[in-house]
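In what follows, a structure is listed as structure tokens, so that the remarks can point back to it.
The values are calculated or read from the model by the stated rules, or taken from the named source; none is laboratory data. Source: prediction; values computed, not measured. Cβ atoms come from the backbone with ideal geometry, glycine included; neighbour counts cover every protein chain shown. Please note that ligands, DNA and RNA were not included when accessible areas were found on the heavy atoms of the full protein model with its side chains. Shrake-Rupley method; radii C 1.70, N 1.55, O 1.52, S 1.80 Å.
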Amino acid sequence: MAILRLERVSKWYETAGEPFYAVRDVSLTVEPGEFVAITGPSGSGKSTMMHLMGLLDVPSSGEVWIDGVQASHLSDRELARLRNQKVGFVFQSFHLLPRTAAWENVALPLMYAGVRAAEQRQRAMEALRRVGLDPEAKGYHHPNQLSGGQQQRVAIARAIVTRPALLLADEPTGNLDSRSTEEILALFQSLNDEGVTVVIVTHEPYVAQHARRVIRFADGRIVGEEINEHPLRAELAEVAR
Amino acid sequence: MNLLKTTQTALRSFAQNPLRTFLTLLGVIIGVGAVVALMSVGNATTASVTQRIEGLGTNLLVVTPGQVTQGGISQGLGSAQSLTMSDVTALQQLSDVSAVAPDQTTRAQVVYGDTNYQTTLEGSTPDLFDVRNLELSAGRPFNLVEEQNAANVAVIGTTAAENIFGNANPVGRTVWINGISFQIIGELASQGGTTVNDDRLIVPLSTLQRRFTGSSNPSTIYVSAVSADQMQQAQTDVELTLRRQHGLSFGESDDFVITNQATILSTLQGVTQALQSFLGGIAGISLLVGGIGIMNIMLVSVTERTREIGLRKALGATRGAILRQFLIESGLVGLIGGVIGILFGWVGATIYGRVTGTAVTLNVDAVWIAFVVAVVVGLVFGIYPAVRASRLSPIHALRYE
Ligand SMILES: Nc1ncnc2c1ncn2[C@@H]1O[C@H](COP(=O)(O)OP(=O)(O)OP(=O)(O)O)[C@@H](O)[C@H]1O
Ligand SMILES: [Mg+2]
């Protein structure tokens, strides 16, 4: 069964009386374990699309299924639960809570999942280790005491802490230098190796070359799709702290 | 999502904005502080006034002239000259009356050496000292012989004594009152409470009437019943006797007023109750203003933290979880503000007590009522901002810069 299915999904905004289509009539299926990149020019609707996939936004028309569950049938409560359990989000600007320790940022989804406090800490520390951060050294740092690359890794740890099947990332390397970009891509690839489905939104061709499947977006529509038989493999050359 | 964690989150958000938190708390602190201080001081004042009135003596009846109506125009209470010395004699015959003291007052100029002092001059019979429970700290009261002979002797109150003689013992000294020499034979013990009761000289009634007022009508008659049990009977007898004395026929209203301690107390209670609810109203308004302050700041906080709210929703927070988070924050403002307010109110009431010399005790009812109201105000005024926060759409919140 597909982990993600969109059927004739549209999203439009009412501007000056005329509807403006940010996403127009998109149908798409993502199978478990896939690594997908969505590319396209600025304003083409990539972010909107990702929000629809992650149930952050409600389509104006069409249907979204996550892991076989039809989203339009769900209450606010059930949607929140599905986001919490099935989807992990990574954003371009990290979106970490300021003045809050790294491990507490990571533990946030667990809090909403109703996990006991002691277990929250232990699992948050585990997730930090998984993304290559030493929990003892960096777990108690506040976001402003971490580099951009480290902050994004904390954000990824937060996205995977509930062990979701689907990871959605919107320009995750947009604010990072080339070395950090490499590290983050390597991390996504190794998570994908473990079976996590990854969808990355990016406008950088170099980043898209790391995905097996690349979907091209323009004016809210899918205008092309190709399979990369030999995706680039990001190297975890040096382990940065 | 546990309460402890949410409370921690709320406390952290306070710590991140100390000034804003303080300003939000201030409204609640002032409101609660005002309630606690005003109620405590109000209670203490009522208690001390009650005590003073009870100090008048439980057996005391006070008879004053009623109001005269001339051509349909009321002249006000006490305007009549309706009480006479023969009324006094008649009242003395009553079996349930133990003592009767007619009383008159005037203002007079007391001269001693270079000192010139304006005070109240009160004239009465020796019975006054029994009827009014007047204790002497030095010397003696005047006696029946001095009263009959209109002797120029006086008993002085502590305030008057201090103002005229300073710290010197007034007993045995001679003063000039309106140009007539008087010997001070005794000093009253302090009456406590207002200084009005201590700022006077008491002379025999006959002396006052002959040398100062020229009128033989007492302005007040103090009557002491034989016992507290017979107060009611005594009051009825006094009323009937005076009606007969004044030749009032059936259906005519009294031309005098009889007051007893119970009526004074109930009047006082009415006044303090009105005062308390007035003060309570003011305190309530300040709590309301505090609540509006909470709402205002919480709305700002929701706007400022739009991104945080969106993120929490993306990570799986339900509307209920966001609602709870903000409600707990505003409830905590009420709770913390309430506790600090109670402390301030208590300190304020204690300082008031020290300055005025009243025994102020913390009004426990006011404390917990103010506390509960503060928390409720926090929660109630937090509802609207919390609902706003919980309704934010996650993407609107995440796109917000
Ligand atoms: N609330 C809204 N009201 C009106 N138009 C909107 C709204 N949100 C997004 N849009 C429009 O939808 C279009 C798609 O926006 P989107 O953010 O998805 O683009 P994008 O492909 O992610 O661009 P970028 O690469 O710059 O991030 C844009 O033209 C944008 O102006
Ligand atoms: Mg975008």
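Using a/c under 1.5 as the rounded threshold, could you call the stretch A:13-100 rounded, prolate or oblate? The axes a ≥ b ≥ c are square roots of the C-alpha gyration tensor eigenvalues, and prolate needs a/b larger than b/c, oblate otherwise. Cα axes put the stretch A:13-100 in the rounded bin. Which percent, to the nearest 5, of DSSP beta bridges fully inside the stretch B:98-227 are antiparallel? Around 75 percent antiparallel, to the nearest 5.
What distance in nm separates the two pseudo spin-label positions at residue A:76 and residue B:303, each 7 Å out from Cα along the beta-carbon direction? It works out to 2.2 nm between the two label points. Buried surface for the B/A pair, taken as the accessible area of each chain alone minus that of the pair with a 1.4 Å probe, is close to 2400 Å² in total. Hey, if you put +1 on the Cβ of every Lys and Arg and -1 on every Asp and Glu Cβ in the stretch B:261-363, which of B:336, B:347, B:284 ends up farthest toward the positive end of that dipole? Result: B:336, furthest along the dipole toward the positive end. Expressed as a whole percentage, what fraction of the accessible surface of the stretch A:113-241 belongs to carbon and sulfur atoms when a 1.4 Å probe is rolled over the protein heavy atoms? Taking all protein chains in place, the stretch A:113-241 shows 48 percent carbon and sulfur surface. The aspartates and glutamates whose alpha-carbon is closer than 15 Å to the alpha-carbon of residue B:313, local same-chain residues fewer than 8 away aside, are A:57, A:76, A:78.
The modelled label-to-label distance for the pair residue B:144/residue A:20, using points 7 Å beyond Cα in the direction of Cβ, is 11.0 nm.
Residue-normalised convex hull volume from the C-alpha trace of the stretch B:98-227: 103 Å³ per residue.
Label 7 Å along Cα→Cβ of residue B:86; the stretch B:242-259 residues with amide nitrogen under 16 Å? Answer for the stretch B:242-259: B:242-249. Summarising the strand pairing of chain A, around 55 percent of its internal DSSP beta bridges are antiparallel. Averaged over its residues, the stretch B:98-227 has an accessible area of 42 Å² per residue, based on protein heavy atoms and a 1.4 Å probe.
Quick one: work out Rg over Rh on the C-alpha atoms of the protein assembly as shown, Rh as Kirkwood radius. Here Rg/Rh amounts to 1.36. Considering only DSSP beta bridges where both residues belong to the protein assembly as shown, give the percentage that are antiparallel (nearest 5). Percent antiparallel among DSSP bridges in the protein assembly as shown is about 70. Computing FRET efficiency as 1/(1 + (r/R0)^6) for residue B:241 and residue B:51, where r is the C-beta to C-beta distance and R0 is 41 Å, gives about 0.80. Using a probe of 1.4 Å, the accessible surface attributed to residue B:48 totals some 30 Å² when neighbouring protein chains are kept in position.
Carbon-plus-sulfur accessible fraction, chain B (probe radius 1.4 Å, protein heavy atoms only): 59%. Amide H contacts of residue A:37 (H built 1.01 Å from N, in plane; Pro and chain starts excluded): A:200, A:213, A:214, A:215 sit under 5 Å, all sequence-distant by 5 or more or on other chains.
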